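Comments concern the structure below.
The values are calculated or read from the model by the stated rules, or taken from the named source; none is laboratory data. This one's a predicted model, so the numbers in the text were calculated from it and none came from an experiment. Backbone-built Cβ (ideal geometry, glycine too); neighbour counts: all protein chains shown.
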Amino acid sequence: MTIIGIDPGSISCGYGIIEISQDGFFVIEFGLIKPNEKSQNFNFIDRLKNLYDNITSILTRYKVIETAIETQFYHKNAQSLMKLTQARTSIELASLNLNIPVFEYSPREVKLSVTGNGNASKKSVSYMVSSILQIDLQNHKFDVSDALAVALCHISRKGNILKRNSPRNWREFVALNPDKIINP
């Protein structure tokens, strides 16, 4: 079973694809979808089409069967909220046009699922995602680790067990690694 986690954005969109099997799960691909910077006159509608086309291509190429997406949070700027909503809609339509169900998770729910703390920082989320998936995300934007965190949240909510010997949240990580705790 292949799923995709998506951290939607109108400028850049993080995604992470995870394959789930009886032996656990592993990352197939992750990255950012951004507008082609070389293209002139790349307006917002063109960015939405680019996002839709890229998501459709990724979903098809990897035979994704479920899409997990982070819900939006309140923006003080109404214009930003509208653009983010349109980007999310492009992603959802790409999935639904391929008959792929879409599951939504709040940022708090994603953070709680991955770190054990619903108010965790992006750095903490990235660290735990790296630890759970045993990949290096140091040179990647938080959009990528957030997308993988959404995928992990979806796996957790569906009842799939995380990899053995990998902590499922921050508390388990600390319990398994007491030598990494720095006391002032």
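Of everything in segment 19-59 that is more than 17 Å from Ile6 (Cα to Cα) and among the acidic types (Asp, Glu), the residue that is modelled with the lowest pLDDT is Glu37.
Confirm whether Lys122 is among the charged types (D, E, K, R) and under 24 Å from Leu137 (Cα atoms).
Values: among the charged types (D, E, K, R): yes; under 24 Å from Leu137 (Cα atoms): yes.
It is true that Lys122 is among the charged types (D, E, K, R) and under 24 Å from Leu137 (Cα atoms).
Applying the condition of being modelled with pLDDT of 85 or more, of a type in the set (Ser, Thr, Tyr) and part of a helix (DSSP H, G or I) to segment 60-99 and asking which residue is surrounded by the fewest Cβ atoms within 10 Å (Cβ to Cβ) yields Thr60. Is it true that some residue in segment 133-152 is hydroxyl-bearing (Ser, Thr, Tyr), surrounded by fewer than 23 Cβ atoms within 10 Å (Cβ to Cβ), in contact (Cβ under 8 Å) with a residue 12 or more places away in the chain and part of a helix (DSSP H, G or I)? The answer is no, given that none of the residues of segment 133-152 is hydroxyl-bearing (Ser, Thr, Tyr), surrounded by fewer than 23 Cβ atoms within 10 Å (Cβ to Cβ), in contact (Cβ under 8 Å) with a residue 12 or more places away in the chain and part of a helix (DSSP H, G or I). Out of all the residues in segment 100-132, which are charged (D, E, K, R) and surrounded by 18 or more Cβ atoms within 10 Å (Cβ to Cβ)? If the condition is that a residue be charged (D, E, K, R) and surrounded by 18 or more Cβ atoms within 10 Å (Cβ to Cβ), then Lys111 is the only one that fits.
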